[in-house]
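Encoded as structure tokens, the structure appears first; notes follow it.
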2 protein chains.
Amino acid sequence: MKLATLRSEHPDGRLVVVSRDLATMADATAIAANLRTAVEAWDDVAPALQALHTELHAGRHAQPFDPALCAAPLPRAPQWCDGSAFLNHGRLMEKAFDIEPAPDAQTVPLMYQGASDDFLGPQADVLLPSEADGIDFEGEFGAIVGPVPMAATPAQALGAVRLLVQINDWSLRALGPREMRSGFGFLQAKPSSSFAPIALTPDELGEAWRDGRVHLRLQVRWNGEHFGAPHGGEMDFGFGELIAHAARTRRLSAGTVIGSGTVSNTDRAAGSACIAERRVLEILEHGAPRTAFMRFGDSVQMQAQCERTGDTPFGRIAQRVLQWQP
Amino acid sequence: MKLATLRSEHPDGRLVVVSRDLATMADATAIAANLRTAVEAWDDVAPALQALHTELHAGRHAQPFDPALCAAPLPRAPQWCDGSAFLNHGRLMEKAFDIEPAPDAQTVPLMYQGASDDFLGPQADVLLPSEADGIDFEGEFGAIVGPVPMAATPAQALGAVRLLVQINDWSLRALGPREMRSGFGFLQAKPSSSFAPIALTPDELGEAWRDGRVHLRLQVRWNGEHFGAPHGGEMDFGFGELIAHAARTRRLSAGTVIGSGTVSNTDRAAGSACIAERRVLEILEHGAPRTAFMRFGDSVQMQAQCERTGDTPFGRIAQRVLQWQP
């Protein structure tokens, strides 16, 4: 089934189920007030949500679905841990900046802890303080989990996946290197992330969900122009491995979001899901980057698309970056 | 006023106000169900909580207060950003491990993003997977803020402090260096943090709260023996600077917890608030560390104490470390 969160006076928004074609929705607040409470009581509420989803497809309770009214599926998640599971991306970065790769990069995923208290909706303006910070998008996929015990195996961890989501993990590239050198990791370099409107149960993807990976291309457009469409199947670590990595020394609360990191393919014809990677390719080819980071007023669109049917199961992120004003 | 959270069936627990001497408490759930909702609606609920606190001291509504029944003041906080504001600690680490200090270490605080979905109460057993991970405590202070706008100044940020807390930021030292080298920062190296029972408004500390710093010694005992009592006044960055650092590129939700980092003094007679620092002093003195990290079954106690009155305004953290069992 497909779920979404409508903005409301409550910071967690209101839960709706959404039809497969994203045309209609049905209010689900009689079952769970919001997605956070739904994920916390998943075994109790999922059957009723599923039944409502079935009724919606039979034409009952249907209202028009407008993604412009959506918040992030979880506007406030208990936790956000973002991996870097497409090693091609890291390898390019290392090559361009002459960084020694970590000796265990093939076996231990990179992952940072991000902020999860203020996730942005699919069409929310992204307010940032300065173009000089090197504003960049990062298209990726994510998994929302149920409770995960400490030291869960990758198989156990994969079994805890409740919903899949599509994310734009905003990055401020000028701030990243200092925070990486400090050893304390990203903080200012990672402002609030944005989410496509739909959170879906993995079965909705059919064949495109296998091996703990989303086997779809993520189409990225910047200011209306094609930027890249790398394929999610190329993850070097699946979501099972990523979730288990996060749970190595702690239990994870229901509603924790685990990210794949920016989608990146060795096939360069696929293009990139972030500007930094294109710049790195330019450095490798021309000795210097040619593409600048984003300017205020720029827009970005991202949607995962099924090549066979043309479906965009998560809906679309379509945002503008604007200057934050006090 | 002083507030605490009693464990209950609800993951956010139940709010109580606590007397200054920590002897009695009064149920505050008629005003706010839990501290999280109280902090989110602070201007509306603080006067009523204050009135209840006054009534409690007049002997009304009083029940005995038992810190053993407490959860962390915010068992689930929206965000946890931990600074490293006592530069003495970082300098010792750099000296012992021959690390080049960051060129801007005096002007830009170090801060990492931690997990905030599962904070532990003052007497909760700390379950961890392996002694080989290098189990260490870190005694520190923290501030719980109201909403902080993006790009707040340190003065604005300091004005957003609602409550002060005392924290044991558990660390797994064997996992830290790899995560620091990766540039992505701490994740597995920072399991759930623990909190002393009391969250207090800054006025409760009187003179001991000034310049955005908690001017109290933090007494640390390990397995019942004195380990250190460094003074919180020696912070090189105050909480105003730390909060402003966290808010540089994002707004902070009400209930965000900002940590000082382990309390550390240049006066070595004060002792340390974490084992790692003692080991570093041993390396500098003897060429090798002599103190091992914690073993399962070990206990740690931490309390901030007023040297003049002997008061322990936050109550006490008193925990054992045990092996996590599936």
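Coordinate-derived values only; no laboratory data. Remember, predicted model here, so these are calculated numbers, not experimental data. Methodologically, a virtual Cβ is constructed for each residue, glycine included, from the backbone with ideal geometry; neighbour enumeration extends over all protein chains shown.
Per residue of region B:199-212, in order, report the coupling 6.51 cos²θ - 1.76 cosθ + 1.60 (Karplus, θ = phi - 60°) as ³J(HN,Hα) in whole Hz, putting x for Gly and Pro.
Once θ is set to phi - 60°, the couplings for region B:199-212 become 9, 10, 6, x, 4, 4, 8, x, 4, 6, 10, 7, 6, x Hz.
If you add up the charges near B:GLY139, with Lys and Arg at +1 and Asp and Glu at -1, over every other residue whose beta carbon is less than 12 angstrom from its beta carbon, what do you get?
Numbers: positive: B:ARG217, B:ARG221, B:ARG316; negative: B:ASP136, B:GLU138, B:GLU140, B:ASP169, B:GLU277.
Summing Lys and Arg as +1 and Asp and Glu as -1 gives -2.
If you build the convex hull over the alpha carbons only and average its shadow over all orientations, what do you get for region B:139-245? Give it in nm² to one decimal. List each step's numbers first, then the result.
Working: hull surface 33.3 nm².
With the hull built on Cα positions only, its mean projection is 8.3 nm².
To make sure I understand, if each residue's beta carbon is the centre and we count other beta carbons within 10 Å, what order do A:ASP169, B:ASP98, A:ASP12 fall in, fewest to most?
Values: A:ASP169 27, B:ASP98 6, A:ASP12 17.
The order, fewest Cβ neighbours first, is B:ASP98, A:ASP12, A:ASP169.
In Å and whole numbers, how far do the C-alpha atoms of region B:211-268 stretch along each principal axis, longest first?
Result, largest extent first: 42, 23, 15 Å.
What are the nm distances, shortest first, from B:THR107 to its equivalents in the other copies, labels at 7 Å along Cα→Cβ?
Going from nearest to farthest copy, the values are 4.3 nm.
How far, in nm to one decimal, is A:MET93 from itself in the other copies if the label point is set 7 angstrom along Cα toward Cβ? Shortest first, please.
Copy-to-copy label distances for A:MET93: 2.0 nm.
Taking each label point as 7 Å beyond Cα in the direction of the beta carbon, state the distances from A:ASN223 to the same residue in the other copies, shortest first, in nm.
Label-point distances to the other copies, shortest first: 6.5 nm.
Select the chain A residue whose beta carbon lies nearest to the rotation axis carrying chain A onto chain B, and write the distance in whole Å.
A:GLY185, 1
Given 25 °C and 0.890 mPa s, compute D for the protein assembly as shown with the Stokes-Einstein relation, Rh being the Kirkwood radius over Cα pairs; round to the nearest whole µm²/s. Numbers along the way, then the final one.
Numbers: Rh = 25.3 Å.
The estimated diffusion coefficient comes to 97 µm²/s.
Could you go through region A:304-317 in sequence order and give the Karplus-derived ³J(HN,Hα) for each residue, using 6.51 cos²θ - 1.76 cosθ + 1.60 with θ = phi - 60°, rounded to whole Hz, and x for Gly and Pro?
Couplings: 7, 10, 7, 5, 7, 9, x, 4, 10, x, 8, x, 10, 8 Hz.
Amide H to amide H under 5 Å from A:LEU322: which residues, 5+ apart in sequence or cross-chain, H placed 1.01 Å off N in plane?
Here the answer is A:VAL126, A:LEU127, A:LEU128, A:GLY297, since their amide H atoms fall under 5 Å of that of A:LEU322.
Which net charge results when you count Lys and Arg as +1 and Asp and Glu as -1 among the other residues whose beta-carbon is under 10 Å from that of B:GLY185?
Numbers: positive: B:LYS190; negative: A:GLU179, B:GLU179.
Summing Lys and Arg as +1 and Asp and Glu as -1 gives -1.
Mind running the shape call on region A:1-93? Use the C-alpha gyration tensor, a ≥ b ≥ c as the square roots of the eigenvalues: rounded below 1.5 for a/c, prolate if a/b tops b/c, oblate otherwise. All intermediate terms of the calculation are to be shown ahead of the outcome.
On the way: a/c = 1.99, a/b = 1.74, b/c = 1.14.
The shape class here is prolate.
Taking region B:216-311, which trypsin sites (Lys or Arg not before Pro) meet the DSSP loop condition and have no more than 11 other C-beta atoms within 10 Å?
Of the trypsin sites (Lys or Arg not before Pro), the ones in loops of region B:216-311 whose Cβ has at most 11 other Cβ atoms within 10 Å are B:ARG290, B:ARG295, B:ARG308.
Taking only the Cα atoms of chain A, how large is their convex hull per residue, in Å³? If you can, show how the numbers build up before the last one.
Working: hull volume 43.0 nm³, N = 326.
Cα-based convex hull of chain A, divided per residue, equals 132 Å³.
Please give me, ordered by residue number, the GluC sites (Glu not before Pro) of region B:123-208 that lie in loop per DSSP and have at most 12 other Cβ atoms within 10 Å. Let's see the in-between values first.
On the way: sites: B:GLU131, B:GLU138, B:GLU140, B:GLU179, B:GLU204, B:GLU207; in loops: B:GLU138.
Answer by residue number: there is no such site.
Connecting C-alpha atoms closer than 10 Å in a GNM of chain A, tell me which of A:ASP66, A:ASP27, A:ASP104 has the biggest fluctuation.
Residue with maximal mean-square fluctuation among A:ASP66, A:ASP27, A:ASP104: A:ASP104.
Using a cut-off of 11 Å between beta-carbons, work out the net charge of the residues near B:VAL300 (Lys and Arg +1, Asp and Glu -1, B:VAL300 not included). Please report the intermediate quantities before stating the final value.
Details: positive: B:ARG221, B:ARG316, B:ARG320; negative: B:ASP136, B:GLU138, B:GLU225, B:ASP298.
The answer is -1.
Compare B:VAL300, B:VAL108, B:VAL220 in a GNM of chain B, Cα atoms joined below 10 Å, and give the one with the largest fluctuation.
It is B:VAL108.
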